[in-house]
1. Let me know the charge dipole size of segment F:1-136 about its Cα centre in debye, to the nearest 20, where only the beta-carbon of Lys, Arg (+1) and Asp, Glu (-1) is charged.
2. Using a 1.4 Å probe on the protein heavy atoms only, what accessible surface does residue A:103 show? Give it in Å² to the nearest 10.
3. Please determine, in degrees from 0 to 90 and to the nearest 10, the orientation of helix E:97-111 with respect to the longest principal axis defined by the Cα atoms of chain E, where the helix direction is its Cα long axis.
4. Per residue and in cubic angstrom, what volume does the convex hull of the Cα atoms of chain D have?
5. Can you compute log10 of I(q)/I(0) for segment B:12-158 with the Debye formula, treating each Cα as one identical point scatterer, at q = 0.11, 0.20 Å⁻¹?
6. Would you mind giving the mean number of other chain beta-carbons within 10 Å of the Cβ of each residue in C:38-48, as a whole number?
7. Taking each residue of D:67-74 in turn, how many C-beta atoms of other protein chains fall within 10 Å of its C-beta, and what is the average?
8. Lys/Arg Cβ at +1, Asp/Glu Cβ at -1, dipole of chain D taken about the Cα centre: which of D:112, D:164, D:220 is farthest positive-ward?
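The values are calculated or read from the model by the stated rules, or taken from the named source; none is laboratory data. This is a predicted model, so every value here is computed, not measured. All Cβ positions, glycine included, derive from the backbone under ideal geometry; neighbour counts span all protein chains shown. Side chains included, ligands, DNA and RNA excluded: accessible areas come from the protein's heavy atoms. Shrake-Rupley method; radii C 1.70, N 1.55, O 1.52, S 1.80 Å.
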6 protein chains.
Amino acid sequence: MTEITTPATSTYTRADGRGVDQLRTVKITRGFTTNPAGSVLIEYGNTRVMCTASVETGVPRFKKDSGEGWLTAEYSMLPAATHERMPRESMRGKVKGRTHEISRLVGRSLRAAVDLKALGENTIQIDCDVLQADGGTRTASITGAYVALADAISYLKDKGVVPGEPLLPPVAAVSVGVLDGTVILDLPYEEDCRAEVDMNVIMTAAGDFVEIQGTGEHANFNRTQLSTMLDFGEKGCRELIAAQQAALGH
Amino acid sequence: MTEITTPATSTYTRADGRGVDQLRTVKITRGFTTNPAGSVLIEYGNTRVMCTASVETGVPRFKKDSGEGWLTAEYSMLPAATHERMPRESMRGKVKGRTHEISRLVGRSLRAAVDLKALGENTIQIDCDVLQADGGTRTASITGAYVALADAISYLKDKGVVPGEPLLPPVAAVSVGVLDGTVILDLPYEEDCRAEVDMNVIMTAAGDFVEIQGTGEHANFNRTQLSTMLDFGEKGCRELIAAQQAALGH
Amino acid sequence: MTEITTPATSTYTRADGRGVDQLRTVKITRGFTTNPAGSVLIEYGNTRVMCTASVETGVPRFKKDSGEGWLTAEYSMLPAATHERMPRESMRGKVKGRTHEISRLVGRSLRAAVDLKALGENTIQIDCDVLQADGGTRTASITGAYVALADAISYLKDKGVVPGEPLLPPVAAVSVGVLDGTVILDLPYEEDCRAEVDMNVIMTAAGDFVEIQGTGEHANFNRTQLSTMLDFGEKGCRELIAAQQAALGH
Amino acid sequence: MTEITTPATSTYTRADGRGVDQLRTVKITRGFTTNPAGSVLIEYGNTRVMCTASVETGVPRFKKDSGEGWLTAEYSMLPAATHERMPRESMRGKVKGRTHEISRLVGRSLRAAVDLKALGENTIQIDCDVLQADGGTRTASITGAYVALADAISYLKDKGVVPGEPLLPPVAAVSVGVLDGTVILDLPYEEDCRAEVDMNVIMTAAGDFVEIQGTGEHANFNRTQLSTMLDFGEKGCRELIAAQQAALGH
Amino acid sequence: MTEITTPATSTYTRADGRGVDQLRTVKITRGFTTNPAGSVLIEYGNTRVMCTASVETGVPRFKKDSGEGWLTAEYSMLPAATHERMPRESMRGKVKGRTHEISRLVGRSLRAAVDLKALGENTIQIDCDVLQADGGTRTASITGAYVALADAISYLKDKGVVPGEPLLPPVAAVSVGVLDGTVILDLPYEEDCRAEVDMNVIMTAAGDFVEIQGTGEHANFNRTQLSTMLDFGEKGCRELIAAQQAALGH
Amino acid sequence: MTEITTPATSTYTRADGRGVDQLRTVKITRGFTTNPAGSVLIEYGNTRVMCTASVETGVPRFKKDSGEGWLTAEYSMLPAATHERMPRESMRGKVKGRTHEISRLVGRSLRAAVDLKALGENTIQIDCDVLQADGGTRTASITGAYVALADAISYLKDKGVVPGEPLLPPVAAVSVGVLDGTVILDLPYEEDCRAEVDMNVIMTAAGDFVEIQGTGEHANFNRTQLSTMLDFGEKGCRELIAAQQAALGH
């Protein structure tokens, strides 16, 4: 939609030498494990997330007899994924607000990639477990989970249990931010924790937004900065969608 | 910043007769209860939220000896606030993801309205308890909590325990959405649950964004719709900030 | 039943100037919120409790197929209701013993005001949320909840879903205590925390006891003191029942 | 204080042949187990409760540096104590309201039997675990716990760690009720679950009330019935206190 | 199977004067309480455990329509069972790993003593509550629970609700260990906490192992020590099975 | 120690064609992730476990001022590790007994491989997260965690914060079982769930046992079978220790 021209700020020097609107190296490994219907390891640089899609016949109570399926998601960090080990949520007996928030975001985003009616009364459970965290874990989760979802839907179609074509075109996600007044794409941890503004952009292959979340962490942001962030986010999502399609052999 | 011109869609008819970019009636009652340092009842139409700001000497561990204060927030719905009674979270023994998510949003938004250094090692606890829910409870919470925060800071200043001028200019919040393809401002429940897109805009008096969160609930959204939503959000926040200032006698 | 003669101790001076057997100003506001079938704000002086009665078709499992209805109650303090803010029970992940104890008391007391057989297989859920606490919150909850219950039963009758006349005559409650050796009625927080003995009296319009709970907090009590406390409690309940009936237009 | 004359209703026939104002056989076994400082098995007929008093140096935070000690209590039913096995509260992950309520009652009652100042900064933890339940478990708990408390205080005195004489005269407890319109003392389960009114009376050796709790379960009660219940409760407590003193060799 | 010859190490002196391969005094009291179908107090020296077997019609979901019954077990320590009082798990809101581990061991061991097919769709719930702990509580629990199980099965047979003969020959359990390099049988707490190796042996009347668990607590162990431990464990279990049979009058 | 001669039962045919006393292919990948001090992916055939060792200065309270360090472990299954997805323990709000039991086993086993005195007041936290489960996850966890532990200790030694040489010779673990009456080594899921007896053997490089746990799942076992299981376990552990040493370049 919009033309991405490298903005004037592109002379900004990033610790890892990337251009301001350049993604980290993205790797998508399908069939990472064998038990779930879809299992993907996605890497955004040093961020590594195992995304699985498990399938189950039937739907939760609130969807019973709707003729529609359901998709839900859970996100979690392994305790040693971060630099400082974090206590395991199962041992603390409660799930942190941040975890809930991301799980809900992943679920909403992936539901934008599935036609629940065409899925029939089947449930797809997405699990995104962060093996190694270096910024952007929630966006990597969404991008990787789409590929796992695609594999799970193939599996269901092969079993002949879905009435239609439930898989919609790709949904991908990337972070953008403002650091030292400069808009940058796909922030690793070192940039993320210093950024003034942090934004997550989730888009479809058609170039529409599924969700945007922008937060002024250490400063507020104006409409011009927002516009550049959206431009960068669009560019990032387009490239990530290409990577998803390559991984799926589309 | 941007000129708000009523868009072509303004012929859209809303159930309550409002214009597409018109707020519901907003009422702000200070001193709603007497124990907390700040206590405000805010009403956006039929949505009513009790927002309090309680003060405490000292700061949580992670802020100890930083010389800075802290602000944190909790949001909750009374069980009978909604049309169908909802089980009480204390009885279920766990807090829902949605509640966590909103509590975190309110906290982040209000921290944009306070200079923690100027606050000194004091903690302000915001509580937003929804007495009656009719859409927009999280945005009403933020707008109302700012006024309670202002009163709590006055209280601390009168006690002579804050080293500086911690209160920053107002922060307000409003919802915008897309319903039947039309962008509308400040959605009551009836519109909210049918809307294709739902967005919350949190802004400062200076016209900068503190946070934006846009979610395609039943459809995705494009850049043009986003632009109109931001225009409406800005207009709404400007009017809400005027209401905050009037309530505070500024 | 018993003649209330102001006892010799009536020369005792209370901080708020009331006579020893005099209630605080009582206000009952019906229709305080609009979603629940009954919604009442009750005030005993500065104590303010929002009492709602929500209705639901069907009964809990242990009442299934009994032909009878059920009534249950939950009491809670908003965190900023008290002078010092109290942690929210939902965040602590467990409900305090005191909260459980009062919820159970409110439920038992209100079940004395409803004919469960005449209610049919419907459930009424009472919620008493204390907006501002100044002593006597549990007794105010009971008195207010009766009025909300009456409105909820009217609502059910209008819908034609109750087989009989479930509403029994009013039940009201008040605290009495011994302070500095003197029996006093309806203790605000300042008296309550210093009282030697604290008692709650719950009575019907017929002058019978539904429940009495007397506790020697800092001293024990003898039969004579108990007798005076019961006299004062009866007087208080009679006056509160008059206020309930006035509110209901009976 | 009051003369106990067997009332006219004494011709009422109880299932176990007792007179209306007659206790079940009471047995108190000291030294039931050897690890805690005080350990007592108390039996009210078939109700059997193990009451222990454990001692600990120091006090909870809210009593720190007060120079005073503390006493707290926990009540629990073993899962197989009742006729139908009840789920274990530790496995359910939460404590029932009834358990909280009784634990609090036992703690308050026993604190009426100890001079916290004379105890010094020591904590006594009472545990009442019901091995077999046949009505009156909370009252048996209080009566038995007093004896365990006495032994624990002897133990502390022998160790020379209490500054004064913390043990106050006995506190005992008994249930009374109204069944078929007749007031009866010390109800076993079979009577308890049919009783119209249920009341617990906790008294000191001096004949004063520590606490009274009367509840109309299936009917309300009037002042005359209350008076007879209190008479019976006083008689029961006097006899129980004699049994406590005999057990302690006083 | 193996010949038990007292090993050369038998000159080792134990604090309580026992031989190295000698059990503590074992007492088994049937009918300890009256509500559950089986109720046994078992004593291994000062260790005392109340073992009950409650019966219920029907089976858990995973056994539905299998035609088989189920047996499950829960182990718990009363808070004052140990020398230092331990916090009650119900109050902490979670069950310790050790408790889970022992509950599971007891359940597995007792399922080796019941023919689930012959039991029909009935459930037996074993509860082992330690009244006094002096080492070997888990093994005493298993041995005692077998007797309670036998009584519960008799009860079910008398009611005519079991299709076959569900009770299998006895299962008993005992601890063995290595202390100061010497293998010893049935360790009390004082030996247990100093032992280098701790082992639990659960055997059938036929001399087969149901389960063995050996743990090097402060040292590892070799095959020779293991062999002696198993010899002692066999001897202990044989004697315990004789005690079970005597208690049951077999 | 004992000579392993392939027993007569070696003609038994296993689904994967292995000999009865043959391990699955074992792979140990060091440096699997980069944040923790030690991070290992271990594979026993299709079972894959990520084992990390995180280090922390200081020790838990019960070890304070002991001059010794501490090691603790947590085991967990990712929800999609198994064939049927299992609910996440953090979402259920409680940890299953099985998880607790294995975490405790892993911790005890690894503590046999570290000299806590030589470690000084440092804590090592082992995390074993099962990415893919195909039997033997607990034994793979122990074997892999030893390698992660070795790397974490190297890291601490490089930092110069350990007073001695804390790493003891390797500890490894393997499962053995009886299936169709035949003793077999290292059972995959398909064999494990049908096995009559299941045993875990944890050994040191010196050939001593750290722990043995044998459970008759569907049948009991005799001393002869036990002996063969121990022989197989020894052989397996010897080979696994060779693999650990090869991975560590020893």
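1. Details: 19 positive and 16 negative charges, 73 e Å.
In debye, rounded to 20, segment F:1-136 gives about 340.
2. Looks like 20 Å² after rounding.
3. The answer is roughly 70 degrees.
4. On the way: hull volume 33.9 nm³, N = 250.
Looking at chain D, the number lands at 135 Å³ per residue.
5. Scattering profile of segment B:12-158, log10 relative to I(0): -0.45, -1.20.
6. Details: counts 1, 3, 0, 1, 0, 0, 0, 0, 3, 0, 3.
Mean shielding count: 1.
7. Taking the mean over all residues of the peptide, I get 1.
8. Checking the options against the dipole of chain D, the answer is D:164.
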